[in-house]
Amino acid sequence: SKKAPEEPAARAPDVDSLGFQAMDRNVPGLSHVILQKLNMKSYEDYKSAMDGRKRGSDFGIRTYFDMFQKMEDTFKFCVECKKLPDALPDPKSLRRCKRCQNVYYCGVACQRANWPLHKKFCKKLKLVALDRLVEWLVFTGDIPFPTETWTKPARDVKGWEDWFSMQEQLEEKLGAIVAGRYMTLLWANAGKPRPEDAELRESIRRLVTDFHSRPLTIGLGLRLFGIDPLTRPLTVHVVGASHVETLNTRLTDYDELTRMFPGHQGVEMVMVGVDVVDGPIMRPPLTTLAPRGRVYLSSYKGLYHDFWESHVETKLAPRPDLVVGFHPGEHGPTTPVSRHRHPVMVLLLSSGSEQELKASLQILVELETHIVGYASNPFASLRPEQVYSSPNKAPVYCSSHYIALLGAEAGLGAEELEDDD
């Protein structure tokens with residue numbers, strides 16, 4: 001008889017092309033439960049919602065309370081026995097942990113059996129549940145708050161503590177969001193008790209870092225490779241872009257790069273991926289260089305090598321100065337690396353255990369790529385995210401690490417890069 005396959009090691013969640021994060025791995029069918037709760041018949045309905053072709057009202061979401069309840073319903077399963085509500089004699093028998101307001105149990109026996117494990121993560125999971133709700137204020141426009149031009153050179157801003165220190169009247173800005181209309185609406189409809197104002201302020205701070213993590217990490221990549229936006233216009237390709245990078249993205253969402261590099265000569269960000277969401281940035285890449293002093297967002301819905309052949313090789317779009325991949329997973333790094341020779345910085349999203357980082361490094365070594373270095377990202381999101389189908393694991397953080405790769409024709413040497421061990 002064949003030896004039973006070993007259980008795969010626990011690692012950070014994958015994001016599939018439909019936006020479900022590792023839902024099926026440990027709780028079979030949970031992705032389908034989400035569709036059911038959202039009154040969606042198929043994944044095509046989900047994609048239509050992601051692409052903006054259908055509204056929430058098309059799926060029976062008509063009130064704020066209904067919206068928040070349906071979102072919460074997608075997290076309801078017994079974290080100990082993994083039973084879904086429909087598998088219980090009484091689907092309403094699931095009870096939420098009072099401490100974290102996050103995980104559910106089908107009864108006292110499961111809760112007691114799970115407590116030795118859950119107590120290790122309960123406090124962090126409380127932050128996860130809070131941030132999941134407050135994130136709604138990103139879509140209402142309350143978050144992020146208006147930011148200031150950097151008063152320090154980019155090389156002197158070592159992380160979020162330095163970044164927050166440059167924001168004038170920070171406490172007043174946070175207070176205005178906490179006391180705002182949408183924060184009041186949120187807790188009137190969330191079905192959970194409103195936290196203390198101090199907790200809400202910290203949640204807003206974490207979500208602000210989550211919002212700005214991608215542009216600041218791209219700025220870090222420019223510095224690592226010695227690419228100076230003050231001397232010439234730049235083009236950056238974000239490969240494998242999906243709803244994660246493009247859902248509800250506004251034309252101004254990467255303007256923090258202008259605060260980071262005041263007086264820059266222009267930066268175009270091209271989002272390339274088969275699951276780019278329709279919206280304001282769904283406009284063709286520029287045929288010329290980016291306008292001076294502006295961060296210009298554009299996109300291409302399709303595979304990166306198709307974009308390269310149809311636009312870059314035919315000179316319909318400029319060659320990139322930097323190629324970036326967020327949350328590439330184990331195989332994501334191979335796409336831009338194997339076909340093209342230019343500076344590539346691959347950023348690992350949600351690599352909390354570093355297993356995803358190590359898996360990607362192994363693939364890149366086998367491809368004989370020029371790995372310049374890898375390290376923790378000083379601009380990683382501070383927002384903790386749970387491994388959805390197995391909440392009782394250490395939370396993961398977006399863009400927590402990066403790998404810097406150098407193309408053969410890039411014209412840079414490792415000795416020219418900043419030492420960031």
Packing-based ranking, highest mean first, of 157-167, 356-366 given that Cβ atoms within 10 Å are counted
356-366, 157-167
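How high is the relative contact order of the stretch 223-269, in percent, with contacts defined as C-alpha pairs under 8 Å that are six or more residues apart?
The normalised contact order for the stretch 223-269 reaches 69 percent.
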For the pairs Lys76/Lys120; Lys82/Lys120; Lys70/Lys126; Lys70/Lys358; Lys98/Lys158, flag any whose C-alpha to C-alpha distance is greater than 29 Å.
Lys70/Lys358; Lys98/Lys158
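Where does each of 252-261, 194-203 land if you order them by average Cβ count within 10 Å, highest first? Walk me through the numbers on the way to the answer.
Numbers: 252-261: 20.0, 194-203: 15.7.
Averaged packing, sorted descending, gives the order 252-261, 194-203.
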Give the long-range amide H neighbours of Glu268: residues separated by 5 or more places, or on another chain, with amide H under 5 Å away, using H modelled in the peptide plane at 1.01 Å from N.
Leu234, Thr235, Val236, Ala290, Tyr296
³J(HN,Hα), Karplus 6.51/-1.76/1.60, whole Hz, each residue of the stretch 214-219, x for Gly, Pro:
5, x, 6, 5, 5, x
Using only protein heavy atoms and a 1.4 Å probe, report how much of Met71 is accessible, in Å² to the nearest 10.
60 Å²
By per-residue mean of other Cβ atoms within 10 Å, what is the highest-first order of 80-92, 116-128?
116-128, 80-92
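The values are calculated or read from the model by the stated rules, or taken from the named source; none is laboratory data. Predicted, not measured: the structure shown is a model, and the values here were computed from it. No Cβ is skipped: glycine too gets one built from the backbone with ideal geometry, and neighbour counts run over all protein chains shown. Accessible surface is based on the protein model in full, side chains and every heavy atom, while ligands, DNA and RNA are left aside. Shrake-Rupley method; radii C 1.70, N 1.55, O 1.52, S 1.80 Å.
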